[in-house]
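Below you'll find the structure, written out as structure tokens, and then a few comments.
The values are calculated or read from the model by the stated rules, or taken from the named source; none is laboratory data. Note that the structure is a prediction, hence the values are computed from the model and not measured. In this analysis, Cβ positions are derived from the backbone assuming ideal geometry, glycine residues included, and neighbour counts consider all displayed protein chains. To get the accessible areas, we keep the full protein, side chains included, count just its heavy atoms, and leave off ligands, DNA and RNA. Shrake-Rupley method; radii C 1.70, N 1.55, O 1.52, S 1.80 Å.
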Amino acid sequence: MNDGNMFSTYVAGTTKLNLTILALSSTIYSRAEERREGSLQTCSRNDTCSDSLRLLEGLSCFLLEVTQKEFVAMEAGRPKTVSTTHRLVEVHRYYSASYVDHMLTANEAEMKHNEKYMDEGVKFRLFDSPLPGMFPIYRYYRAPSHNHFYTCNDHEIGATKEGKYGKHSYKCQGVLGYAYREPVEGTIPLFRYYTQIANHFYTVDENEVDLLNDNEKTYNSEGVVAFVWA
């Protein structure tokens with residue numbers, strides 16, 4: 001089973017388990033309340049019976065409170081409905097020395113016969129289809145400067161349909177993959193940098209950009225593009 005399916009199966013399984021425990025705890029609590037109210041007078045003169053009821057009531061309250069908190073916390077950070085068709089895919093970074101351009105893709109086939117770009121390896125992972133709360137990372141290309149650009153802010157360039165042109169003469173090349181705009185457990189930030197020689201650089205390792213800076217160019221931070229997976 002691949003990582004994407006394992007993630008989806010885990011979330012679906014834990015959601016079902018938490019719902020089951022929550023329902024069971026609620027039932028225990030309700031029955032303890034009924035038993036306590038119905039037996040209050042009978043037990044009033046029996047310390048052992050009263051102690052048992054108090055213990056049962058306390059246990060049911062504890063189970064209900066804990067499972068409610070766990071369920072709320074889990075649901076706040078994970079999607080409510082999950083399909084096992086969602087997969088985490090590897091994103092390669094390529095570099096062209098002749099164009100001075102960094103390019104990201106989850107489709108190695110498109111670079112198979114492109115001799116101008118060198119594969120720098122897998123840098124991070126994205127989902128190939130969106131889960132609730134995720135956003136697409138759009139890929140753009142500006143031909144005059146041979147510059148690839150990536151963002152999950154659809155207003156930054158303004159064109160979200162493949163083939164359409166947006167701001168600064170960038171042409172939309174579709175979606176790279178799907179990720180979160182805010183940090184979620186298990187994700188890491190994808191940083192974007194820019195240099196005046198018209199090249200954007202993307203990395204999950206902030207120390208990596210120091211190796212690129214020299215007397216001819218300096219990469220300046222443009223913040224976090226999205227939160228992705230290592």
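Here is how the numbers come out for the structure above:
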{"item": "Residues in segment 152-190 that a label on Val224 would reach, taking backbone N under 20 Å of a point 7 Å out along Cα→Cβ", "result": "152-156, 176-190"}
{"item": "Carbon/sulfur fraction of accessible area - segment 170-225, other protein chains in place, 1.4 Å, %", "result": "44 percent"}
{"item": "Cys152 long-range amide H proximity, modeled H, under 5 Å", "result": "Tyr138"}
{"item": "Placed amide H near Phe127: partners under 5 Å, 5+ positions off or other chain", "result": "Val89, Tyr178"}
{"item": "For segment 140-230, convex hull of alpha carbons as volume per residue, Å³", "result": "95 Å³"}
{"item": "Residue-level accessible surface for Glu208, protein heavy atoms, 1.4 Å, Å²", "result": "40 Å²"}
{"item": "Rough spin-label spacing in nm, given labels placed 7 Å along Cα→Cβ, for Ser169 and Glu182", "result": "3.9 nm"}
{"item": "Area of Lys161 that stays accessible when all protein chains are in place (1.4 Å probe, Å², to 10)", "result": "140 Å²"}
{"item": "Å² per residue, accessible surface of segment 174-230 at 1.4 Å", "result": "53 Å²"}
